[in-house]
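Encoded as structure tokens, the structure appears first; notes follow it.
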Amino acid sequence: MIDGRMAPEGDPMTYCVAINVEEGLVMLADTRTNAGVDNISRFRKMFTWQEPGTRAIALMTAGNLSITQGVLSRIQSAIDRASAGEDVETIMNCPTLYRAAEIIGEAMREMTEAHGDAIKQSGASASASIILSGQRKGGRPRIFLIYSAGNFIEATRDTPFLQVGEHKYGKPILDRVITPETRLSDALKAAMVSMDSTLRSNLSVGMPLDLAVLKRDQFRFDQLRRIEQGDPQFGEVSRAWSEALKHAFAELPSFEV
């Protein structure tokens, strides 16, 4: 972290993952924005909106905090103005999730163009990214990864999950386990293991965690909660995974030395 701003999406300081399976979506994010021996801060990286029966959307942020805060402020302002009766397009009334990704991308590009040079001159990175996950009535669950330039990619059947931040430690379990046919409960378990692997290997990613689960065609979050340090369910997954790895390692064929 430099001058209170988060590192870019390719650097440590955060880990967010979104998984898309036939039964729905799982989103999990940490809350650490910087780490050191005596300097650790928390900041929410997951933000949600829902109109039960119509639409549910979650955003997870990574990278320069001033850029992502600015984008979120614009998004919320538009939603508030629309709720007050103004004719304004928002992520909650646009016709498709693809269009919602475009709206966020436009805000990302505008914020980067307005402040990117000044941020870089201060010695910080202006890079940022946002994962958009959700479903609207009449559409399917979708996940997009949106970059500072406003461009974005979508999770596919070949790769039904997207990550930002310190992703390398948590990716192997997702690569081996997650397919579109994976049960939603197993996708949640895989997200927990993915996060646990990251927490153990990188101190710049930390508790508490924010979790959102969206069942297909429900248009409201089935789970929306914070997982604090010492959470018994997360702790049990962590302990069981460690024991399973030790057992699997012991069962591997030995090599002559």
Every residue from region 215-239 that is closer than 30 Å to residue 136 by Cβ and assigned to a loop (DSSP other than H, G, I, E, B): 216, 217, 218, 219, 220, 221, 222
Only listed residue being in contact with a strand residue (DSSP E or B) (Cβ under 6 Å, 6 or more places away or on another chain), assigned to a helix (DSSP H, G or I) and not charged (D, E, K, R), chosen from 101, 58: 101
Filter result (crowded, with 18+ Cβ neighbours inside 10 Å and either farther than 27 Å from residue 201 by Cβ or at pLDDT below 95 (or both)) within region 145-163: 148, 150, 152
Positions within region 106-129 being of a type in the set (S, T, N, Q) and within 29 Å of residue 94 (Cβ to Cβ), in sequence order: 112, 127, 129
Matching entry among 107, 84, 128 (being over 22 Å from residue 213 (Cα atoms) and more than 19 Å from the chain's Cα centre (by Cα)): 84
Candidate set from region 223-257 (those that are of a type in the set (Asp, Glu) and loosely packed, with under 15 Cβ neighbours inside 10 Å); member that is nearest to residue 52 (Cα to Cα): 228
All positions within region 85-142 that are among the hydroxyl-bearing types (Ser, Thr, Tyr), surrounded by fewer than 14 Cβ atoms within 10 Å (Cβ to Cβ) and without any contact (Cβ under 8 Å) to a residue 60 or more places away in the chain: 96
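The values are calculated or read from the model by the stated rules, or taken from the named source; none is laboratory data. This one's a predicted model, so the numbers in the text were calculated from it and none came from an experiment. A quick note on method: Cβ atoms are made from the backbone with ideal geometry, for glycine too, and the neighbour counts reach across all protein chains shown.
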